[in-house]
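Quick notes on the structure that follows.
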There are 2 protein chains.
Amino acid sequence: MSEEALLTDLYELTMLAAYVEHDMQDEAVFEFFVRALPPQRNFLIAAGLEQVCDYLEALRFSAEDRAWLASTGRFSPAFLRWLGDFRFTGEVSAVPEGTLVFADEPLIRVTAPLPQAQFVESRLMNIVNFQTLIASKAVRSRLAAPDALLVDFGLRRAHGAEAALMSARASFIAGFDGTSNLLAGKRFGLPVYGTMAHAFIEACASETEAFERYAATHTRQVTFLIDTYDTEQGARHVVALMPRLRARGVEVVSVRIDSGHLAKHARAVRQILDEGGCGDIRIFVSGNLDEASLLHLKEIGAPVDGFGVGTRMNVSADAPYLDCAYKLQHYAGRPRRKRSTGKATWPGAKQIFRRSDAQGEIVGDTLTLEGETAPGQALVVQVMKCGRRIALSDSLLSLRERVRAGLASLPPAYLDLGAQCSYPVEISSGIRHAAALADAHEAHA
Amino acid sequence: MSEEALLTDLYELTMLAAYVEHDMQDEAVFEFFVRALPPQRNFLIAAGLEQVCDYLEALRFSAEDRAWLASTGRFSPAFLRWLGDFRFTGEVSAVPEGTLVFADEPLIRVTAPLPQAQFVESRLMNIVNFQTLIASKAVRSRLAAPDALLVDFGLRRAHGAEAALMSARASFIAGFDGTSNLLAGKRFGLPVYGTMAHAFIEACASETEAFERYAATHTRQVTFLIDTYDTEQGARHVVALMPRLRARGVEVVSVRIDSGHLAKHARAVRQILDEGGCGDIRIFVSGNLDEASLLHLKEIGAPVDGFGVGTRMNVSADAPYLDCAYKLQHYAGRPRRKRSTGKATWPGAKQIFRRSDAQGEIVGDTLTLEGETAPGQALVVQVMKCGRRIALSDSLLSLRERVRAGLASLPPAYLDLGAQCSYPVEISSGIRHAAALADAHEAHA
């Protein structure tokens, strides 16, 4: 997006103008973290770093942007000239995408001259809040249906174009098999799924004619939507057609049911298909699904092989935002924090150490200042230097594998969708000391 | 977005390929409607039509799009050539943006050759679901605080870039005064607001130094953030500074409180400001607000003049999606509908007639077939013909005024944020007859 530099809150620029005027351009450290997990989440999956790096590398104000800013009458010509040369030249350290994270842990740390580190707040949060939110929601569907085909169906009720694209990406990282969203398929190389809507059936003279016409045009990976008029009747229409379609080499992989009592329909349809010699045709269901309905269908033994999970995953319906923040941790050589009631933060550039037991199960994290040590594996790694990535991006498949490994390392209680677990995150003595320093300095200022 | 044609579900294109191959290109009518309102909504505000028209007018597949589609191996060269000439050439009728609407009422009707009317489903729903959702949520803040300054603060936790832009637009239509989002300000001509974050305060040696530095750079419409360390102390710092700032001509319009017990802080701050000769400085609050907290603050008489309402409005936290659909109503000369359990639809191209009493209060709507008549005002008007808009777009201010007039016409119970009202929408005999026809035809097919 060419205008992306303006996709920010006005206050970022009014602050920048003051920073520049008062030459407050020393090195600053900001961190993005989640203050508290939603009640229905035992862990989060970090996601969105890739798009943050894209944003930081491309960040600049075009002449048009600056002309528009000038027209607002809020900024001096000197500041607008300065903005013409504004680039992100700092460092970024982060937990790799796909890493499991918990409350208070820094997902992304930005170290740069104060104006740069400050400015990127709004868009960085906009990117990381959403993708982390969706990855952390989508993984619950994967946990509910470990072996089923899971397809993102949420484009139509996602919150705009970018939400649709980013939720397709984030849900794939979290374990979905693909998406119905073509542009997400193109942009991220995701598998795409989909065949027909009810309108297709209704536009034909009959359901059977609709199936025949579709199969005359498409012969691979065909899924017939069978609930437009009467679901069981739809299944019988498929059975009746299959000899002819097989003879023509049409590969019918599944039928889709999108309404009604899904378990009851699925059982009846399974029986009709099996008795009709169509045991190889799988049953795919959709319609207002989430992890709770997936779990329920599994628990009652509904013969369902795949799910289109849309709206409720794409908007994270039970928790549509994270209590997240991007806060100044350190500036001009000393730690900083706010002490606002209920929103006090731990200062300093931080590292996360994660401890595991002998079986590889994780047992707790320690938050330390960068430079301190603690037992366990350090999770925060440098990803950008001098405003540029220092390594190639991870493939989405490798991020997916990181999620899988992370889930395998969690104590089983954390994987229970109904349980509430609170993961132990210790605060190092170094951080506590820095907090005292920051408070003492403010008290004497 | 140049790739916007691909921002669609795969099934739209697989259906199109079959429609084209079987020459199913007769005129089709699709309508977008909401099946049921969320429990906490007594009405919805239609929004997003402008962006739908933009999308329809610009719709085309670039050579790059078609090359990528070819690479998927799913489409024939003949279909991809046909797609090169694909344009939207149809008609659109709709209720104007800002109109109050209810369950089952068509917000947008598309009449076009079947492939066109079908294809636009995914993106049209993506646009209209979201903006209608947000306008219908944001108006609740305006109802809770009729006279306060209301500013959209939600960029950082909106679901991506487009959600941030569109929620700024939709909330302005619904009665917000402006947004913190600069790009939304530029693109839609919205008033933008904002001055400083906690980081600005923390980066300075003291809160007083921070205020002084800010006011040295910005002299108009200054708002000081006073809760970084101690809110009442922050208010005293402002009072102490004001003589000097006034002498320099700095216009301090408000202080902002972003944390803690807002009512308690606001009362204490109001007293400090008033006693310090700063009775003209208003109090602006922010931080996890929604209509319930606004109403509560008003009910307990908290001296608050303005609100930054962010996340919970921008994601419509209590109802983050609408139960909406875009359904085939009529094709090739006869009505169509699906009868899927729980999702049966009323067929036919429809009109809404809205009846008012002598005082101008609305009393009920009648859904009719286009061409039928009923008492009241017809709400659905034609907006596009032959793929082009037939009139200039409404200004956002006129849409805002339409919302205001709509609210004034509602029975007072509907404006009670805690009440559940069900607005009477009658179905005409013409529609019932069309439904019987559609069912009879399918039964005999």
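The values are calculated or read from the model by the stated rules, or taken from the named source; none is laboratory data. Everything quoted here is computed from the prediction, not taken from an experiment. Glycine also receives a Cβ, built like all others from the backbone with ideal geometry; neighbour counts cover every protein chain displayed.
At-a-glance table
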read-out: Qualifying position, being surrounded by fewer than 23 Cβ atoms within 10 Å (Cβ to Cβ), over 21 Å from the mean Cα position of the chain (by Cα) and more than 10 Å from chain B (Cβ to nearest Cβ), among A:Gln40, A:Gln25; value: A:Gln25
read-out: Filtered residue count, region B:140-180, keeping only those that are among the basic types (Lys, Arg) and either more than 15 Å from B:Phe307 (Cα to Cα) or not in a helix (DSSP H, G or I) (or both); value: 3
read-out: Those residues of region A:1-10 which are more than 7 Å from every other protein chain (Cβ to nearest Cβ) and not in a loop (DSSP other than H, G, I, E, B), in sequence order; value: A:Glu4, A:Ala5
read-out: Single condition B:Arg123 does not satisfy, out of (1) away from chain A (no Cβ under 13 Å); (2) in contact with a Ser or Thr (Cβ under 8 Å, 6 or more places away or on another chain); (3) assigned to a helix (DSSP H, G or I); value: (1)
read-out: Sole residue being more than 8 Å from every other protein chain (Cβ to nearest Cβ), surrounded by 24 or more Cβ atoms within 10 Å (Cβ to Cβ) and more than 16 Å from the chain's Cα centre (by Cα), chosen from A:Arg109, A:Arg156, A:Arg169; value: A:Arg109
read-out: Candidates B:Ala138, B:Ala174, B:Ala163 - the one that is within 11 Å of chain A (Cβ to nearest Cβ) and crowded, with 24+ Cβ neighbours inside 10 Å; value: B:Ala163
read-out: A:Arg74 being charged (D, E, K, R), within 12 Å of chain B (Cβ to nearest Cβ), over 30 Å from A:Ala319 (Cα atoms) and part of a loop (DSSP other than H, G, I, E, B); value: yes
read-out: Check on B:Ile390, farther than 30 Å from B:Ala292 by Cα, within 24 Å of the chain's Cα centre (by Cα) and either assigned by TED's automatic domain parsing to the domain that holds B:Gly48 or surrounded by fewer than 16 Cβ atoms within 10 Å (Cβ to Cβ) (or both); value: yes
read-out: Residues located in region A:179-200, provided they are more than 7 Å from chain B (Cβ to nearest Cβ) and touching an Asp or Glu at 6+ places or on another chain (Cβ under 7 Å); value: A:Thr179, A:Pro191
read-out: Residue among B:Leu83, B:Leu114, B:Leu143 that is away from chain A (no Cβ under 14 Å) and aliphatic (A, V, I, L, M); value: B:Leu143
read-out: Of the criteria (1) in a loop (DSSP other than H, G, I, E, B); (2) touching a Phe, Trp or Tyr at 6+ places or on another chain (Cβ under 7 Å), which one B:Leu56 fails; value: (1)
read-out: Selection count, region A:78-102, where residues are of a type in the set (Asp, Glu) and either surrounded by 15 or more Cβ atoms within 10 Å (Cβ to Cβ) or not assigned by TED's automatic domain parsing to the domain that holds A:Ala18 (or both); value: 2
read-out: Filter pass, A:Ser316 being in a loop (DSSP other than H, G, I, E, B) and either under 23 Å from A:Asn42 (Cβ atoms) or in contact (Cβ under 8 Å) with a residue 40 or more places away in the chain (or both); value: yes
read-out: Some residue of region B:11-27 being among the aromatic types (Phe, Trp, Tyr), out of contact with any Ser or Thr (no Cβ under 7 Å at 6 or more places or on another chain), at pLDDT 95 or above and in a helix (DSSP H, G or I); value: yes
read-out: Selection status of B:Ala36, in contact (Cβ under 8 Å) with a residue 24 or more places away in the chain and over 30 Å from B:Gly418 (Cβ atoms); value: no
read-out: Near pairs, Cβ below 7 angstrom, 6+ apart or cross-chain, from region A:395-420 (closer than 19 Å to A:Gly360 by Cα) to any residue that is surrounded by fewer than 12 Cβ atoms within 10 Å (Cβ to Cβ); value: A:Ser409/A:Gly360; A:Ala413/A:Ala419
read-out: Inter-residue pairs, beta-carbon under 9 Å, first in the same structural domain as A:Ile300 (by TED's automatic domain parsing) and of a type in the set (S, T, N, Q) and in region A:263-284, second crowded, with 21+ Cβ neighbours inside 10 Å and part of a helix (DSSP H, G or I), 6+ apart; value: A:Gln271/A:Ala235
read-out: Those residues of region B:405-431 which are in a helix (DSSP H, G or I) and surrounded by fewer than 14 Cβ atoms within 10 Å (Cβ to Cβ), in sequence order; value: B:Ala405, B:Ala408, B:Pro412, B:Ala413, B:Ser429
read-out: Test for B:Phe153: is it in contact with a strand residue (DSSP E or B) (Cβ under 8 Å, 6 or more places away or on another chain), outside the structural domain of B:Glu97 (by TED's automatic domain parsing) and closer than 24 Å to A:Ala317 by Cβ; value: yes
read-out: Residues being more than 15 Å from A:Leu114 (Cβ to Cβ) and either touching a residue at least 24 places away in the same chain (Cβ under 8 Å) or of a type in the set (Ser, Thr, Tyr) (or both) - total across region A:84-93; value: 2
